[in-house]
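Visitor: Before I ask anything, let me first share the structure, which is written out below as structure tokens.
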There are 2 protein chains.
Amino acid sequence: MNLAQALFAPRTVALVGASGDAAKNTARPQRYLRKHGYAGRVVPINPTRAEVLGERAYPSVAEAPEGIEHVFVMAPGGAVEQALEDCGKRGVPVMSIYSDGFADAGPAGMARQARLAARAEELGVRLLGPNSMGVVNLPGRMVLTVNAVLEMDAPPAGTTSIVSQSGTMLGTVLSRGAARGLGFAKLVSLGNEADLGAGEIVELLAADADTRVILLFLETVRDAPRLAAAARAAHAAGKPVVAYKLGRSALGERLARSHTGALAGSDAAMDAFFRDCGIVRVDMLETLVEIAPLVAGRAPPPRLARAPRVAVVTTTGGGAASVVDRFGLSGIETVAPGSDAPIVDLTMAATPQKYAATLDALLASPECDAVLAVVGSSAQFHPQLAVEPILAAQRTGKPLAAFFTPHADSSLALLAGAGIAAFRTPEACADAFAAYFAWRAPRAAAPPPSIAEVRLDIQMAKSAVARAPGYAHDIPYPVAVKLHDPAVAHKTEAGGVILGVRDREEFLRAAKALPGETVLVQAMESGLAEAIVGYRDDPLVGPVVLVGAGGILAEVYKDTVLRLAPVSEEEAAEMISEVKGFAVLRGFRNLPRGDLRALAKAVAAMSRLALVEGRPVAEAECNPVLVKAEGVVAVDSLVVMKE
Amino acid sequence: MNLAQALFAPRTVALVGASGDAAKNTARPQRYLRKHGYAGRVVPINPTRAEVLGERAYPSVAEAPEGIEHVFVMAPGGAVEQALEDCGKRGVPVMSIYSDGFADAGPAGMARQARLAARAEELGVRLLGPNSMGVVNLPGRMVLTVNAVLEMDAPPAGTTSIVSQSGTMLGTVLSRGAARGLGFAKLVSLGNEADLGAGEIVELLAADADTRVILLFLETVRDAPRLAAAARAAHAAGKPVVAYKLGRSALGERLARSHTGALAGSDAAMDAFFRDCGIVRVDMLETLVEIAPLVAGRAPPPRLARAPRVAVVTTTGGGAASVVDRFGLSGIETVAPGSDAPIVDLTMAATPQKYAATLDALLASPECDAVLAVVGSSAQFHPQLAVEPILAAQRTGKPLAAFFTPHADSSLALLAGAGIAAFRTPEACADAFAAYFAWRAPRAAAPPPSIAEVRLDIQMAKSAVARAPGYAHDIPYPVAVKLHDPAVAHKTEAGGVILGVRDREEFLRAAKALPGETVLVQAMESGLAEAIVGYRDDPLVGPVVLVGAGGILAEVYKDTVLRLAPVSEEEAAEMISEVKGFAVLRGFRNLPRGDLRALAKAVAAMSRLALVEGRPVAEAECNPVLVKAEGVVAVDSLVVMKE
């Protein structure tokens, strides 16, 4: 049968480990199914009771009636494996597992999970979890979860679906959204993703008629290619995908690993991944709750050659300033079309008519890319002044959103009901706009690897190996003399580099001073500035290419930009434009300009390591790359093959 | 009479411009005074009515009954000046002005405000505003404001007072706090601060028995010395002062200026100012609402030689991760005392007893500096699990706070009632902890200027002026040759610097190539890295000293640290420790260490420009300062005197 139907709208569900004690967590699914109006049949499975909370119980899935489409397992230990065998025998298409003790529980649990997943595949049973809090389908009234958020009486149904690696955070988003009228469609707690993962669930939601926006709460990414394909499918279906991902700090990353047992990828690589496949990334948790109406039904905004411009109309100077200040920190400009003022301040002149006319004029103005209405105390006590004009504003292609300065849940709900984005805090508001303006359509998927051999098509400084005792070489002076030992990665630090050697006499002194029978002799090169160009096959998202300012200060400042590899020269040029330190090559303080086009060629060349068959390269780096007025030359390079 | 009493607890108030139409803004103060239980006498002043909203009205303050202690003026135009004259005649000690058209309205308004303030001083009447929304005293039931937030039925009284340059944001903080049980004491809308300013109001609150914490919403600072003195007085009284200040981005700063007519100071200088006088600065608006219980009754935390450590106890992995990740971005570590884990995860083992015992153990543990309880869905539906143990936890000197992942206003209110900090978002939670750990006791106020002449006690590279045609000089080669024109500030950019001149022949070529009859000859110096040391008399906060990584890349990265001047060598050393780029002088990648002690001496010397009588220096800069293995030497310097 259809996976989506079994997962989200099964006609019969079995609850393995359903408790007869209504206060227990394991009684929740049964209580919630009934409470929220599930129209299908519920079959409690409990070996010790003939009846559970008023419904007839069966000792096992094997002994339960026909027609079960979804089994939810809460029982500990071997009951999971037993339930799986029973599902296989009875032809149950989906089993969701709340029970833990799998990849969340160290190497033994990891092995147990691998066995479970392998067996499920043999039996043709799809698994959600283990360690999943279950599935909720609000429009379909199918609430199959242990998440206590479903104690709430009438969670509003809507068109936003959420997929979460944390069961609790699923409840967080639902609970916070519900409190202000934001409704949801499908909610899926992924758990350990032994079988069904974020990618496949997003695929299902991309095809789901009830879903317009897909939210992701992620601690890691376990199957990047599948998620990327799913995000592309969602984009093609006109459904924005928005991600909040943990692990931005080293501390958070360590916790995510300890909590999920997942591999560690770099957050910068993850960022490149989201951008590459058209996923909007938000920084703040509340933005994840609030952003859906801002992106629903929209395509990524057109690429601008200037800073994005938001027209801010307000009845409160201080309230507008709190969000404008934040916009400024995110590189967003504010404008008042037809005026030099930074905002449209109606504080002393606001009437509902004036407010409405102002909004319509701004929405029609070519001078701004979006409109934000900042509303003060009237949002709480006098909605007719500004909230109603916002509700009545002409819908155009241009985003319209609101920020309310007071506590104003009912006005937030009014806007939610009308599908207009409304924000509780200036910070989440600015975060949402920044995420919206940074949103790009997915890049075409990379071609499959097809290059036969590893070759770095980047000009290197001329060099030769000179051997004791004569140390003959043909590099013209001045030269650099380097330790010739591939095992030493950071030669400068190890004292293995002598620069500016001016003649043969100096050279012999230098060569003899270095250990070993051979030295590397290299033409001295000079450039206007140093760059670093790198490549890495990230364990989570695959090949990435990096460019950054070179030299030791740039290393301290971590001034680098990363994208999924390969990139075109044009994409490389865009990366280069984002490296702050390259200001010195772009005419800053009248300094001579560097050949950034040649640098872009080098970055693109480096990124083509991703196209080598079998992707044998683990890491590669040219550092420093000297950027000259014409051309670039790499002075040192390093390639690390996979083991 | 006592200013605090007239301002916050007048026995009779007069309302100039009180409207008889209850729907108008100008009817609000009268309605609100009655609604919220004002026990004193209200005297409406309205030249066209004998009665306003059921109370006898008088045509002017001059004709009103005796005993008025506070006049609130809402009438436009000349009514303000007339009311002031009447207050003078009648001996009314305080007049608050809602009317606008003063410094908020361009140069003519600015002049009008100056005349008003001067006249008030002559008459002995203290002014709040103009453009002030008034004063609220919740414990005293004196609600003298036009702010619509007072439409709410029973704003909770508490011990936090707030002083705001934006009248609306006063309502924002009150409304958001009230929605979750956070109460307030005094609320003051400063308006244009023609007379009573932030500093004097903070002084009053420092002495106010009802106030334990003072919050500031600031768009600018108009009288830094007075605010600094008031913050010191509040510290001495054991009352933390917390500020949220706009103008962090250039855009926000421009808006603040256009909105308040205030001067522009630098945000970095403002940050130094807050730190110097012991004010806690928060980054997010919501933190301002939520932070009070975290700091109430506490002194600044002890200075740590390591990162601050917070023990995080949780029943939700994902919820804890969202805040832990954010802590990591703020340089805060998390620990689980007695374990290697980054957090104390009770997800599968939580009982109220276990939760309580865990909290008490953490609060007693010497291994952490604070405790954060992260609570999932139980905060919304089962407060007995975690919320009640938090309420019952032993109170120790160590801060205890909570972050609730679901929408849980009633649990937030329970904690607010118990004086325990509780946060709605992981971001505000991390912001509050970062602000708490960055909080310092005020520095001793700077001594008065007493140095007679401007002298930069920093070693300069040896130099001489050489004159055409012979260009004789006594600087040993190699030398640098520079354009000798004080009008050219950036000589390198102007092509006016030739470095590494090796002998007299090269020197003569170089000297003749530069324009003018004289050139500057300077000994070539080299160091391990470059620094910049600067001084500026900031228009808002006064003298500041700056140290940063030097060179053009550091300029691009804006890697500088700023403090109010003067600073001691020890304080300078602390500043230097915060400059990221100086990693290269602290042994990064085995590079040789620089003489940072000598650099600290130079910074302290530069900062003593603040002690020159009359503070004649507007700006000074040594750039670059070369930091050597022993000592530092400045290669170029610039001093700009005030006009």
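Visitor: How about the range A:262-377: which helices (runs of 4 or more DSSP H) wholly inside it have at least 2 residues that are not aliphatic (A, V, I, L, M)? Quick ask: steps written out before the conclusion?
Guide: Values: elements: A:267-276, A:285-290, A:292-295, A:317-329, A:352-364.
Because the criterion is at least 2 residues that are not aliphatic (A, V, I, L, M), the helices (runs of 4 or more DSSP H) in the range A:262-377 that meet it are A:267-276, A:285-290, A:317-329, A:352-364.
Visitor: For the range B:202-255, enumerate the residues that are at positive phi and within 11 Å of the chain's Cα centre (by Cα).
Guide: Of the range B:202-255, the ones at positive phi are B:238, B:247.
Across the range B:202-255, the qualifying residue is only B:Gly247.
Visitor: Something else now. Looking only at the range B:491-508, filter to residues that are without any contact (Cβ under 8 Å) to a residue 24 or more places away in the chain and closer than 12 Å to B:Val519 by Cα; which one of those is farthest from the chain's Cα centre (by Cα)? I'd like the intermediate steps shown before the answer.
Guide: Within the range B:491-508, the first condition is being without any contact (Cβ under 8 Å) to a residue 24 or more places away in the chain, and the residues that meet it are B:492-498, B:505-506.
After this cut, where a residue has to be closer than 12 Å to B:Val519 by Cα as well, the list is B:496-498.
Values: B:Gly496: 41, B:Val497: 41, B:Ile498: 44 Å.
Looking at the filtered set, the residue picked out is B:Ile498.
Visitor: Hey, among B:Glu81, B:Glu69, which residue is closer than 19 Å to B:Glu122 by Cα, of a type in the set (Asp, Glu) and touching a strand residue (DSSP E or B) at 6+ places or on another chain (Cβ under 9 Å)?
Guide: On the way: B:Glu81 fails: touching a strand residue (DSSP E or B) at 6+ places or on another chain (Cβ under 9 Å).
Checking each option against the conditions leaves just B:Glu69.
Visitor: Take the range A:16-49 and flag every residue that is open to solvent by 10 Å² or more (accessible area, probe 1.4 Å) and in contact with a Ser or Thr (Cβ under 6 Å, 6 or more places away or on another chain).
Guide: Answer for the range A:16-49, where residues must be open to solvent by 10 Å² or more (accessible area, probe 1.4 Å) and in contact with a Ser or Thr (Cβ under 6 Å, 6 or more places away or on another chain): A:Gly17, A:Ser19, A:Thr26, A:Gly40, A:Arg41.
Visitor: Do we have any residue at all in the range A:488-495 that's away from every other protein chain (no Cβ under 14 Å) and either out of contact with any helix residue (DSSP H, G or I) (no Cβ under 9 Å at 6 or more places or on another chain) or within 30 Å of A:Pro592 (Cβ to Cβ) (or both)? Steps first, please.
Guide: Restricting attention to the range A:488-495, the residues satisfying the condition of being away from every other protein chain (no Cβ under 14 Å) are none.
Within the range A:488-495, none of the residues are away from every other protein chain (no Cβ under 14 Å) and either out of contact with any helix residue (DSSP H, G or I) (no Cβ under 9 Å at 6 or more places or on another chain) or within 30 Å of A:Pro592 (Cβ to Cβ) (or both).
Visitor: Quick check on the range A:482-496: of everything there that is out of contact with any Gly (no Cβ under 8 Å at 6 or more places or on another chain) and open to solvent by less than 40 Å² (accessible area, probe 1.4 Å), which residue is modelled with the lowest pLDDT?
Guide: So in the range A:482-496, the residues out of contact with any Gly (no Cβ under 8 Å at 6 or more places or on another chain) come out as A:486-487, A:489-496.
Those left that are additionally open to solvent by less than 40 Å² (accessible area, probe 1.4 Å): A:491, A:496.
Working: A:Lys491: 72, A:Gly496: 83.
Among those that are out of contact with any Gly (no Cβ under 8 Å at 6 or more places or on another chain) and open to solvent by less than 40 Å² (accessible area, probe 1.4 Å), it is A:Lys491.
Visitor: From the list B:Ala157, B:Ala179, which one is small (Gly, Ala, Ser) and farther than 17 Å from B:Ala421 by Cβ?
Guide: Numbers: B:Ala179 fails: farther than 17 Å from B:Ala421 by Cβ.
It is B:Ala157.
Visitor: Looking only at the range B:554-569, count every residue that is under 23 Å from B:Pro447 (Cβ atoms), touching a residue at least 24 places away in the same chain (Cβ under 8 Å) and of a type outside the set (Lys, Arg) and tell me the total.
Guide: Taking the range B:554-569 as the starting set, the residues that turn out to be under 23 Å from B:Pro447 (Cβ atoms) are B:561-569.
Filter once more, so that each one left must be touching a residue at least 24 places away in the same chain (Cβ under 8 Å): B:562-569.
Going one step further and asking which of them are of a type outside the set (Lys, Arg), we end up with B:562, B:564-569.
Total satisfying the criteria: 7.
Visitor: So for the range A:389-407 (the condition being open to solvent by 30 Å² or more (accessible area, probe 1.4 Å), in contact with a helix residue (DSSP H, G or I) (Cβ under 9 Å, 6 or more places away or on another chain), under 17 Å from A:Val323 (Cα atoms) and not basic (Lys, Arg)), does at least one residue qualify?
Guide: Yes, the range A:389-407 contains a residue that is open to solvent by 30 Å² or more (accessible area, probe 1.4 Å), in contact with a helix residue (DSSP H, G or I) (Cβ under 9 Å, 6 or more places away or on another chain), under 17 Å from A:Val323 (Cα atoms) and not basic (Lys, Arg).
Visitor: So which residues in the range B:328-342 are over 26 Å from the mean Cα position of the chain (by Cα) and not hydroxyl-bearing (Ser, Thr, Tyr), if there are any at all? So that I can check it myself, show each step before the final result.
Guide: Of all residues in the range B:328-342, those over 26 Å from the mean Cα position of the chain (by Cα) come to B:334-342.
The answer is B:Val335, B:Ala336, B:Pro337, B:Gly338, B:Asp340, B:Ala341, B:Pro342.
Visitor: Can you pull out the residues in the range B:525-561 that are of a type in the set (Asp, Glu), more than 11 Å from chain A (Cβ to nearest Cβ) and more than 19 Å from the chain's Cα centre (by Cα)?
Guide: Here is the first cut: in the range B:525-561, the residues of a type in the set (Asp, Glu) are B:525, B:530, B:537-538, B:555, B:559.
Pick out the ones that are also more than 11 Å from chain A (Cβ to nearest Cβ) and you get B:525, B:537-538.
Within the range B:525-561, B:Glu525 is the sole residue that qualifies.
Visitor: Which of the following residues is crowded, with 22+ Cβ neighbours inside 10 Å and within 35 Å of the chain's Cα centre (by Cα): B:Val61, B:Val13?
Guide: Numbers: B:Val61 fails: within 35 Å of the chain's Cα centre (by Cα).
Sole residue among the options that is crowded, with 22+ Cβ neighbours inside 10 Å and within 35 Å of the chain's Cα centre (by Cα): B:Val13.
Visitor: Another question, then. Among the numbered conditions (1) touching a Pro at 6+ places or on another chain (Cβ under 8 Å); (2) open to solvent by 40 Å² or more (accessible area, probe 1.4 Å); (3) within 30 Å of A:Val282 (Cβ to Cβ); (4) away from chain A (no Cβ under 11 Å), tell me where B:Ala441 comes up short.
Guide: For B:Ala441, the exception is condition (3).
Visitor: Do the conditions hold for A:Pro130, that is, is it in contact with a Ser or Thr (Cβ under 9 Å, 6 or more places away or on another chain) and either open to solvent by less than 30 Å² (accessible area, probe 1.4 Å) or more than 14 Å from chain B (Cβ to nearest Cβ) (or both)? Full working, then the answer.
Guide: Working: in contact with a Ser or Thr (Cβ under 9 Å, 6 or more places away or on another chain): yes; either open to solvent by less than 30 Å² (accessible area, probe 1.4 Å) or more than 14 Å from chain B (Cβ to nearest Cβ) (or both): yes.
It is true that A:Pro130 is in contact with a Ser or Thr (Cβ under 9 Å, 6 or more places away or on another chain) and either open to solvent by less than 30 Å² (accessible area, probe 1.4 Å) or more than 14 Å from chain B (Cβ to nearest Cβ) (or both).
Visitor: Another question, if that's okay. Here's a check for you: in the range B:497-525, which residue that is open to solvent by 90 Å² or more (accessible area, probe 1.4 Å) and out of contact with any Lys or Arg (no Cβ under 8 Å at 6 or more places or on another chain) is farthest from B:Leu638 (Cα to Cα)?
Guide: Of all residues in the range B:497-525, those open to solvent by 90 Å² or more (accessible area, probe 1.4 Å) come to B:499, B:502, B:504-505, B:509, B:512, B:517.
From what's left, out of contact with any Lys or Arg (no Cβ under 8 Å at 6 or more places or on another chain): B:499, B:502, B:504-505, B:509, B:512.
On the way: B:Leu499: 19, B:Arg502: 26, B:Arg504: 28, B:Glu505: 30, B:Arg509: 27, B:Lys512: 25 Å.
Among them, the one singled out is B:Glu505.
Visitor: Answer yes or no as to whether B:Ala361 is open to solvent by less than 50 Å² (accessible area, probe 1.4 Å) and at pLDDT 95 or above. Spell out how you get there, then give the answer.
Guide: Working: open to solvent by less than 50 Å² (accessible area, probe 1.4 Å): no; at pLDDT 95 or above: yes.
Considered against the rule, which asks whether it is open to solvent by less than 50 Å² (accessible area, probe 1.4 Å) and at pLDDT 95 or above, B:Ala361 comes out as no.
Visitor: Take the residues in the range B:211-238 that are open to solvent by 60 Å² or more (accessible area, probe 1.4 Å) and in a loop (DSSP other than H, G, I, E, B), then tell me which one is nearest to A:Asp325 (Cα to Cα).
Guide: Our first condition is that a residue be open to solvent by 60 Å² or more (accessible area, probe 1.4 Å); within the range B:211-238, this holds for B:212, B:222-223, B:225-226, B:235-236.
From the residues that got through so far, the ones that are in a loop (DSSP other than H, G, I, E, B) too are B:212, B:222-223.
On the way: B:Arg212: 29, B:Arg222: 19, B:Asp223: 22 Å.
Of everything passing the filter in the range B:211-238, B:Arg222 is nearest to A:Asp325 (Cα to Cα).
Visitor: If you take the residues of the range A:550-609 that are buried (at least 17 other Cβ atoms within 10 Å of the Cβ) and of a type in the set (Ser, Thr, Tyr), which of them is modelled with the highest pLDDT?
Guide: Going through the qualifying residues, I end up with A:Ser607.
Visitor: Which condition from (1) among the hydrophobic types (A, V, I, L, M, F, W, C); (2) open to solvent by 20 Å² or more (accessible area, probe 1.4 Å); (3) under 35 Å from the mean Cα position of the chain (by Cα) is the one that A:Ala75 breaks?
Guide: (2)
Visitor: Still on this structure, I have one more. Out of the residues in the range B:146-193 that are in a loop (DSSP other than H, G, I, E, B) and among the polar types (S, T, N, Q), state the one that is nearest to the other protein chains (Cβ to nearest Cβ). Explain how you work it out, then say what you get.
Guide: Applying the first criterion (in a loop (DSSP other than H, G, I, E, B)) to the range B:146-193 yields B:146-147, B:152-156, B:165-166, B:179-183, B:190-193.
Imposing the further condition that a residue be among the polar types (S, T, N, Q) reduces the set to B:147, B:165-166, B:192.
On the way: B:Asn147: 6, B:Gln165: 7, B:Ser166: 2, B:Asn192: 12 Å.
Taking the candidates together, the pick is B:Ser166.
Visitor: Are any residues in the range A:328-353 more than 7 Å from chain B (Cβ to nearest Cβ) and of a type in the set (Ser, Thr, Tyr), and if so, which ones?
Guide: Selection gives A:Ser330, A:Ser339, A:Thr347, A:Thr351.
Visitor: Restricting attention to the range B:408-436, report how many residues are surrounded by 24 or more Cβ atoms within 10 Å (Cβ to Cβ), at the interface with chain A (Cβ under 10 Å from one of its Cβ atoms) and more than 24 Å from the chain's Cα centre (by Cα).
Guide: Residues that pass the stated criteria total 1.
Visitor: If A:Asp325 meets every condition in (1) within 14 Å of chain B (Cβ to nearest Cβ); (2) within 33 Å of the chain's Cα centre (by Cα); (3) open to solvent by 30 Å² or more (accessible area, probe 1.4 Å) apart from one, which number is that one?
Guide: With respect to (1) within 14 Å of chain B (Cβ to nearest Cβ); (2) within 33 Å of the chain's Cα centre (by Cα); (3) open to solvent by 30 Å² or more (accessible area, probe 1.4 Å), A:Asp325 is out only on (3).
The values are calculated or read from the model by the stated rules, or taken from the named source; none is laboratory data. A quick note: this is a predicted structure, and the numbers were derived from the prediction, not measured. Positions of Cβ are generated from backbone atoms using ideal geometry, with glycine treated the same way; all protein chains shown enter the neighbour counts. What goes into the accessible areas is simple: the full protein's heavy atoms, side chains included, and nothing from ligands, DNA or RNA. Shrake-Rupley method; radii C 1.70, N 1.55, O 1.52, S 1.80 Å.
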